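The values are calculated or read from the model by the stated rules, or taken from the named source; none is laboratory data. In this text the structure is predicted, and so the values were computed from the model without any measurement. Using ideal geometry, Cβ is built from the backbone for each residue, glycine included, and neighbour counts are taken over all protein chains shown. Only protein heavy atoms, including side chains, enter the accessible area calculation; ligands, DNA and RNA are left aside. Shrake-Rupley method; radii C 1.70, N 1.55, O 1.52, S 1.80 Å.
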Amino acid sequence: MSIIKNVENDITKTIQNLGYEIPRIILQPSRCRELGEFQINDAFTLAKENHCNPREIAEKIVTELEKDNRFVNVNIAGAGFINLSFSESFYLDFLKELQKDIKNNIDMEPKKKIIIDYGGANVAKILHVGHLRSANIGEALKRLARLLGAEVLGDVHLGDSGLQSGMVVSEMQRRYPELDCFKETYQGEEFSLPITSEDLSVIYPEASKKAKEDEERMKECQEITFQIQKGHVGYNALWNKIKDLSIIEIKKIYNDLNASFELWEGELDSFAYIEDMLAYLNEKKLLEISEGATIMDIKEETDKKEMPPIILVNSKGSYIYETTDLATIYGRMKRFSPDEMWYVADSRQELHFEQVFRASRKSGITSRDTKLEYIGFGTMNGPDGKPFKTRDGGVMTLRDLINLVNEETRKRLNPLITDEEEQKEISKMIAISALKYADFLPYRTTDYIFEPSKFADLEGKTGPYHLYSTIRMKSLLKKAENLGYKDYSIHKLKNEADKSIMELLLTLPKVLKKSYDVKSLNDIAEFLYKLTSAYNKFYSENHILTSKDEDLKTTWLALTEVVYKTNLLLLDVLGIRVPEKM
Ligand code: ARG
């Protein structure tokens, strides 16, 4: 249990021993720093329940807390706000606890199995900036949930059953009619794909353009898509090869973004469950036929807005996006029976998930205990406040965007790094930190403007600022090690600067808990900034290594190490890699 929680439990017991019924008190960082570091506001609720004056209750509590040597300056402000600060000895004990293991500053969540569906790249299509946030947020939430004790599987859930499959196959048929997979007699024999990734990146846009211009061609693409879904041997053999080729490129980008997935499944993998699922729904008498489509009513009594039925088989007999998502849940329950499934996808998909979740609960594919959660996010806009565009006005691909930020971070690279390969690698890592940190800073559902030059800066609320500062902490520790220091012993703190760092560290468990509850990383990003700035202030005001006071020096080194490790831990949760130098 974290130290702060432990203190809260003790204070709660103290209040209960005074004869008051109270579930748990919360220590809040004080709004008025001069009065104390933390405050307790519970005297007000207690007063209401016990029909007495809050100040009277506050006084009794204060009398008890004053006896506890962990606290100093316990006082009452206003009508009954209790303020308190922590004593130096408390902070030193806290620092010792963190020195043993910084994870002692984390409160674990109840153990759960969670599947997080994020990334969502589409096969044969280019990843665009809209896919960035899903990858960033999903990966960070996965890491956060793991840190707090959950067992998590990440599923990239590739878009592979859509019309693009028919389009690409039809274009391939025109370009390479001699391929074995197109022969009447084809039965799954091995053949080699005559195209590269670069070819594919032109084939899809071209195929899509042709289909949009020509009705006949569009019909053909739809027919092939349908055949692929039904398991046509030749088309599937080809599409699977195209998928493998496309996945190589998709993996490169996710790798740059430091996002990795345990499951590389796609919409097509859910087809194995569709028949079973439809039979199950049919048996429960939940399906209806309407205008040739198979649908399911998902209205609920409390609905305030119109809720359209979910379509599971369209009038052409095809399975659609809703079908694959519901069947994916069906399959996941059979294979993994997770306690929760989280979906990180852009806000246009909210209704889609609402429909799928309702159908899943109503039919009992998932029980009431299984939590299905849609985690939407706002749009990342360019400096003009509109969706990101390339210089010539085209749609910005994720690769273009990474390159654009890379140009900015490259300019700011330490000139002492001369090795070309090293420059490339480090600059890219910094660029990703810039992109990710900017992405986490606003609350998840808020739209934000990404200005490459601003977020590549080494100062301010940026990824590079945190990397730079963290590397500096590391090099200080390295210097200390070279001077023969290790296992820094902890003796005393000196001033506001070092104490304010300890104060911040105390609040970390709450920051993590809140981020986990609301599934937004903004509080972690903010905390990192506060901690890093507090440390940098302390660093500039105190000459750690040249201090004449050895006791102070080793304590400060311990403090540096704890902040360094906390930064590493949190940057890792955010999926931000820290280079050796920059
Ligand atoms: N492929 C989709 C897209 O690009 C995102 C997939 C989201 N996940 C899901 N299970 N539907 O918009």
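Here are a few things to note about the model shown:
- Measuring nothing but how far apart in sequence close Cα pairs (under 8 Å, 6+ apart) lie, relative to its length, region 101-178 scores a relative contact order of 40 percent.
- Once the Cβ-Cβ distance of D180 and Y280 is raised to the sixth power relative to R0 = 35 Å, the FRET efficiency obtained is 0.35.
- Crossing angle, helix 215-230 versus the chain [Cα axis fit, 0-90 degrees, rounded to tens]: 70
- When only alpha carbons are used to place a centre, region 1-38 and region 165-208 end up 67 Å from one another.
- Annotation for region 461-510 versus region 136-154: alpha-carbon center distance of 26 Å.
- Separation of region 404-427 and region 281-353, taken as the distance between their Cα centroids, equals 48 angstrom.
- Stretchable slack from R368 to D572, in nm (0.36 nm times residue separation minus alpha-carbon distance): 70.1 nm
- Within region 337-396, the proportion of Cα pairs with more than 16 Å between them is 58 percent.
- Square roots of 5 times each gyration tensor eigenvalue, C-alpha, region 454-582, largest first, Å: 26, 17, 13
- In order through region 60-76: 3J(HN,Hα) via Karplus (6.51 cos²θ - 1.76 cosθ + 1.60), integer Hz, x for Gly, Pro: 4, 5, 4, 4, 5, 5, 4, 7, 8, 6, 6, 10, 9, 6, 7, 8, 10
- Mean Cα-pair separation over length for the chain, i.e. relative contact order, pairs under 8 Å, 6 or more apart, %: 15
- Per the Debye formula on identical point scatterers at the alpha carbon atoms of region 29-95, with no solvent, log10 I(q)/I(0) at q = 0.13, 0.16, 0.18 Å⁻¹ is -0.36, -0.53, -0.64.
- Hydrodynamic radius of the chain per Kirkwood, over alpha carbon pairs, in Å: 27.4
- Sulfur and carbon atoms: percent of accessible area, the chain [1.4 Å]: 49
- Proximal lysines relative to K285, as straight alpha-carbon distance under 17 Å, when same-chain residues fewer than 8 apart are discounted: K299, K362
- Sorting 123-134, 568-579 by their mean Cβ neighbour count within 10 Å, with the most densely packed peptide first, gives 123-134, 568-579.
- Rg/Rh for region 191-311 stands at 1.06; both radii use Cα atoms, and Rh follows the Kirkwood definition.
- Take the chain with all the other protein chains still there, run a 1.4 Å probe, and you get 46 Å² of accessible area per residue.
- Contact order relative to length of region 382-442, as percent, for alpha carbon pairs under 8 angstrom and 6 or more apart: 28
- Hull volume in cubic angstrom per residue (convex hull over the Cα atoms of region 483-557): 103
- Cα-based reach from K48 at 23 Å (exclusive), listing lysines while leaving out same-chain residues under 8 positions away: K13, K60
- Hydrodynamic radius of region 87-204 per Kirkwood, over alpha carbon pairs, in Å: 19.1
- C-alpha long axis of helix 321-336 to longest principal axis of the chain, angle in °: 60
- Computed from point charges on the beta carbon alone (+1 for Lys and Arg, -1 for Asp and Glu), the dipole magnitude for region 245-339 about its Cα centre is near 120 Debye.
- Of K96/K565; K113/K284; K251/K428; K103/K519; K5/K514, those spanning more than 18 Å from alpha-carbon to alpha-carbon: K113/K284; K103/K519
- Among A237, G376, A480 - extreme Cα towards positive end, dipole of the chain, charges at beta-carbon: A480
- Excluding same-chain neighbours fewer than eight residues apart, the lysines reachable from K230 by a Cα-Cα span under 23 Å are K125, K183, K219, K241, K243, K316, K334.
- Note, ³J(HN,Hα) from phi for region 480-488, Karplus 6.51, -1.76, 1.60, rounded to Hz, x at Gly and Pro: 4, 4, 5, 7, x, 7, 7, 6, 3
- Cα-based convex hull, region 287-384, per residue volume (Å³, whole number): 152
- Taking the C-alpha atoms only, the angle from helix 233-256 to the longest principal axis of the chain is near 20 degrees.
- Put simply, the amide H of E262, placed in the peptide plane, has neighbours under 5 Å in G154, leaving out anything fewer than 5 places away on its chain.
- The Cα-based radius of gyration of region 20-63, divided by its Kirkwood radius, gives an Rg/Rh of 0.99.
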